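Below: the structure, in structure tokens.
The values are calculated or read from the model by the stated rules, or taken from the named source; none is laboratory data. Model, not experiment: these values are computed from the prediction. Here the Cβ positions follow ideal geometry from the backbone for every residue, glycine too, while neighbour counts run over all protein chains shown. Just so you know, the surface numbers come from the protein's heavy atoms only, side chains and all, with ligands and any DNA or RNA stripped out. Shrake-Rupley method; radii C 1.70, N 1.55, O 1.52, S 1.80 Å.
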Amino acid sequence: MTAVEAVQGRPARKRSAGETMHFIDGAFTAGSGRKTFANRSPLDNSLVSTVHEASADDVDAAVRAARAALAGPWDKMALADRSALLHAVADEITRRFDDFLEAEIADTGKPRSLASHIDIPRGAANFKIFADVVKNVPSEFFEMATPDGKGSINYALRVPRGVVGVICPWNLPLLLMTWKVGPALACGNAVVVKPSEETPSTATLLGEVMNAVGMPKGVYNVVHGFGPDSAGEFLTRHPGVNAITFTGETRTGEAIMEAAAKGVRPVSFELGGKNPAIVFADCDMDVAIEATMRSVFANCGQVCLGTERVYVERPIFDAFVARLKAGAEGLKRGDPYDKATNMGPLISHGHRDKVLSYYKKAKTEGANLVTGGGVPRMEGAQESGAWIEPTIWTGLPETSPIVREEIFGPCCHVAPFDTEEEAIRLANDTPYGLACSIYTQNLARGHRVSARIECGIVWVNCWFLRDLRTPFGGSKHSGIGREGGVHSLEFYTELRNVCIKL
Ligand code: NAD
């Protein structure tokens, strides 16, 4: 079977369903396990592909392949050649843009307009940026006097960690996976990737890209399966894995941290959020509405950086809520390939059940439902999809689970505030600390408030405006460490000091 057949991440209307294989040591394989699971489209519940589930032996084979690769041509490759190879990976992703696009849409149901602007271009960009970063990082150097007067010099070498286990979520599958694989490979590591069970296709397709550009075998491996007692746990507990990078839910991070404790292995975690937006009365309302519409509803609300708590200064509260409501009611669901579609389904029926449980809770807690709150009527086959209405509430106390817990759906609670001090207190009153957006035309206030928000990323008058050289990560329960630009090197390399007596 070819990799193209193996990926099968195609909308049902374009291809019939096939199998999704592991990619181990440069080859697509069903592995030794007998288990498979169904990858279903959230658009209409049709079968996208049958996915092979990795056994512990399959994961072991992938880790061994990665270890072997570290001792092969990959280790001897000059930095400039490694960098050029990663540029070739990016170029090949771009050349096969439509294949990646179709694969991502088949797995997630997200609109083409979104995937073609964000997911796939970032998949390529994530290789380019780190291919360049590693070529441009200076080393530190210290001269030191010695009693015999001859002196010594010290310099620091950056060496790869070894085999990196990469565990990914389903919301931005290619983007978030390459955000880790790009720097890991740029730094000279080998990787074993465990994509989300919901979105196995683009990670598999990337195996085909790796072979096309001549990536040495075993540098990039993919195993499929679930978390506990499956590929995820087998990988994180494998003693041959030197470091683990994970994006996903905070409580999964806790389980992975426990696994990583055995062998004292480093972790990099990008976890959940309950991100606030603070809208001051002196904002440019058009800017605030446009950005909040995206931060609440983009990707059907399934973005870790998304806004689920909106605090609006009282004089503009009613006008803001009215405009957000109009925006939400103007979103168009349906065929992801239709240019007008700007809202897809949730990732699965299981996730929709979770989001709907919050919709129900909001009702029982007495929320004022501004719009949405249920499941929309869809036509034809899409009746069986995981569709949901964009939803806005007001009127709940800050203690409500709607305001405190990550829902990860197209919804937000909007509450008024009266003073800057109150807005900062409300924004910080959460165990999470990933991102915050502030809308104001007062530059001094923008700086002042940004400095006091407890989170990893503050956006002023924008949202999801990303320069890949900047540090990315969360505070509090939202993560450990920062990735992006040179910050990724802190995790994907170790510093070795060399001291030479002259
Ligand atoms: P998840 O934690 O359920 O799953 C993520 C991955 O972990 C999957 O591949 C899953 O199979 C694997 N996994 C689950 N249990 C495991 C275990 N015990 N051991 C090893 N692997 C295990 O998350 P999800 O539902 O896929 O993604 C949504 C979550 O991800 C949200 O909480 C969201 O906020 C978060 N997220 C964070 C960021 C960020 O940058 N901070 C980005 C995207 C998503």
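A quick yes/no check of all residues on (1) touching a residue at least 12 places away in the same chain (Cβ under 8 Å); (2) touching a strand residue (DSSP E or B) at 6+ places or on another chain (Cβ under 6 Å); (3) surrounded by 18 or more Cβ atoms within 10 Å (Cβ to Cβ); (4) of a type in the set (G, A, S):
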position	(1), (2), (3), (4)
G18	yes, yes, yes, yes
M21	yes, yes, yes, no
T36	yes, yes, no, no
L43	yes, no, yes, no
V59	yes, no, yes, no
A71	no, no, no, yes
H87	yes, no, no, no
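Scoring G366 on the criteria (1) open to solvent by 70 Å² or more (accessible area, probe 1.4 Å); (2) out of contact with any Ser or Thr (no Cβ under 8 Å at 6 or more places or on another chain) leaves a single failure, condition (1).
For the stretch 169-193, residues that are in contact with a strand residue (DSSP E or B) (Cβ under 6 Å, 6 or more places away or on another chain) and touching a residue at least 60 places away in the same chain (Cβ under 8 Å) total 10.
Of all residues in the stretch 241-299, those satisfying the criterion of being in the same structural domain as A68 (by TED's automatic domain parsing), β-branched (V, I, T) and within 16 Å of the ligand (Cβ to nearest atom) are V241, I244, T245, T247, T250, T252, I256, V267. The residues listed here are G350, G327, G334; of these, the one that is out of contact with any Asp or Glu (no Cβ under 6 Å at 6 or more places or on another chain), outside the structural domain of E198 (by TED's automatic domain parsing) and open to solvent by 30 Å² or more (accessible area, probe 1.4 Å) is G350.
Of everything in the stretch 441-469, what is in a loop (DSSP other than H, G, I, E, B) and open to solvent by less than 50 Å² (accessible area, probe 1.4 Å)? Give them in sequence order.
I453, C455, G456, C462, W463, F464, L468
Candidates are the residues of the stretch 480-491 that are in a loop (DSSP other than H, G, I, E, B) and on the phi < 0 side of the Ramachandran plot; the one that is nearest to the ligand (Cβ to nearest atom) is R482.
To keep it simple, each residue is scored yes or no on (1) in the same structural domain as N189 (by TED's automatic domain parsing); (2) at pLDDT below 95; (3) farther than 21 Å from A243 by Cα.
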position	(1), (2), (3)
F28	yes, no, yes
G33	yes, yes, yes
T36	yes, no, yes
D44	yes, no, yes
E53	yes, no, yes
D57	yes, no, no
R64	yes, no, no
A71	yes, no, no
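Within the stretch 89-107, the set of residues being open to solvent by 10 Å² or more (accessible area, probe 1.4 Å) and assigned to a helix (DSSP H, G or I) comprises D91, E92, T94, R95, F97, D98, D99, E102.
Do we find that T391 is among the polar types (S, T, N, Q) and closer than 22 Å to C300 by Cβ in this structure? Answer is yes for this residue. Among strands (runs of 3 or more DSSP E) entirely within the stretch 238-300, having at least 2 residues that are at negative phi and open to solvent by 50 Å² or more (accessible area, probe 1.4 Å) singles out no element at all.
When E208 is tested against the conditions (1) acidic (D, E); (2) touching a residue at least 60 places away in the same chain (Cβ under 8 Å); (3) within 11 Å of the ligand (Cβ to nearest atom), the lone failure is (3). Only strands (runs of 3 or more DSSP E) whose full extent lies in the stretch 108-217 are considered here, and the ones with at least 1 residues that are of a type in the set (S, T, N, Q) are 152-160.
Here's the yes/no breakdown for (1) within 13 Å of the ligand (Cβ to nearest atom); (2) under 25 Å from C300 (Cα atoms); (3) free of Cβ contacts under 8 Å to residues at least 12 places away in the same chain:
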residue	(1), (2), (3)
R404	no, yes, no
H413	no, yes, no
E420	no, no, no
C436	no, yes, no
G446	no, no, no
S450	no, no, no
F464	yes, yes, no
T470	no, no, no
S478	yes, yes, no
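Is there a residue in the stretch 111-125 that is loosely packed, with under 13 Cβ neighbours inside 10 Å, in the same structural domain as V192 (by TED's automatic domain parsing) and touching a helix residue (DSSP H, G or I) at 6+ places or on another chain (Cβ under 8 Å)? There is no residue in the stretch 111-125 that is loosely packed, with under 13 Cβ neighbours inside 10 Å, in the same structural domain as V192 (by TED's automatic domain parsing) and touching a helix residue (DSSP H, G or I) at 6+ places or on another chain (Cβ under 8 Å). The residues in the stretch 301-324 that are away from the ligand (no atom under 16 Å from the Cβ) and either open to solvent by less than 10 Å² (accessible area, probe 1.4 Å) or β-branched (V, I, T) (or both) can be counted, and the count is 7.
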